[in-house]
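Trainee: Please read through the structure below; I'll follow up with questions.
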Amino acid sequence: MSQQGLCSRREADSYIERGWVLVDGVPVTELGTRVFPNQKITLAKAAQSRQDASVTILLNKPVGYVSAQAEKGYKPAITLITAESRFGGDRSPLRFSPAHLRGLAPAGRLDIDSTGLLVLTQDGRIAKQLIGEDAGVEKEYLVRVQGKLAANGLALLNFGLSLDGQPLKRAEAGWQNKDQLRFVLREGKKRQIRRMCELVGLAVTGLKRVRIGKVKLADLPAGQWRYLRSDEHF
């Protein structure tokens, strides 16, 4: 079900237990049931309604908040999602409800020292699109640096570096101005940009994510959030 993009694995387990998954039109209620390639998997209307009611939130995360679980005394980003902190320019017709916080989880990381666009979602399909094994959605960053760039450093930032013993995918990296780089990545290893910069003689002094796929941070203020609209897609 996850491979077909119907839902996340966690959602699949929940839907199966509720009898909301049909194989060739017949409900399946046993976890681990094998399905053959020629069989058709569909979701019951109840599952489709739950997916339609799920929300995705775009947050401009400030420095000092962690993306997921609280750690070392720092608060998780979800604590910023309140009625008071909703962006005044949000054009979504949705009214904020505490129900929108249930099952809301970050689809990707943003380091505690980094700012910018963080996606939190109740929709397993969006989570899979952004952080699934085959996810290749572009993520764009503006990165302030200091230090002396190695002679071939810019070329290596684009392609040729390895982290944790694994070669990195091709990236896009170039100068925005004399002390700021622009990165576009299609993967998300832990503290990837900071570690890439260290390998070529640079220290990151500021990092901001400004785009994920087709969705931009734009004028969303730090510490505020808005809903992903129905006409927006990553």
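Read-outs throughout are calculated quantities, based only on the coordinates presented, and are distinct from any laboratory measurement. Values in this document were obtained by computation on a predicted structure and should not be read as measured data. Here the Cβ positions follow ideal geometry from the backbone for every residue, glycine too, while neighbour counts run over all protein chains shown.
Trainee: Starting from the Cα of LYS139, draw a straight line to each of the aspartates and glutamates and keep only those under 12 Å, dropping any in the same chain fewer than 8 residues away.
Mentor: GLU172, GLU187
Trainee: Quick one: which of LYS128/LYS208; LYS148/LYS189; LYS45/LYS189; LYS40/LYS190; LYS61/LYS169 span more than 29 angstrom between C-alpha atoms?
Mentor: Exceeds cut-off: LYS45/LYS189; LYS40/LYS190.
Trainee: In Å and on Cα atoms, what radius of gyration and Dmax does region 139-212 show?
Mentor: Here Rg and the maximum Cα pair distance are 11.0, 32 Å.
Trainee: Once each part is reduced to its C-alpha centroid, what is the distance from region 13-86 to region 100-132 in angstrom?
Mentor: 11
Trainee: Using the 2.2 N^0.38 Å rule of thumb for compact globular proteins, work out how the chain stacks up: its C-alpha Rg over that value, please.
Mentor: My calculation over the Cα atoms of the chain gives 1.15.
Trainee: Regarding region 99-138, what are the three Cα extents along the principal axes, ordered largest first, in Å?
Mentor: 29, 25, 12
Trainee: After finding the eigenvalues of the alpha carbon gyration tensor for region 9-52, what semi-axes result from the square roots of 5 times each, listed largest first in whole Å?
Mentor: Value: 16, 12, 9 Å, ordered largest first.
Trainee: For region 1-140, taking Cα atoms only, what is the radius of gyration to one decimal and the Dmax to the nearest whole Å?
Mentor: In Å, with Rg to one decimal and Dmax whole: 17.3, 51.
Trainee: Can you give the calculated 222 nm mean residue ellipticity of the chain, where each DSSP H run of n ≥ 4 adds -39,500 (n - 2.57) and the sum is split over every residue, rounded to the nearest 500 deg cm²/dmol?
Mentor: Counting only the DSSP helices, I get -4500 deg cm²/dmol.
Trainee: Same structure, new question: Taking K and R as +1 and D and E as -1, what net charge do the other residues with C-beta under 9 Å from the C-beta of TYR141 add up to?
Mentor: On the way: positive: LYS139, ARG182, LYS208, ARG209, ARG211; negative: GLU140.
Its environment carries a net charge of +4.
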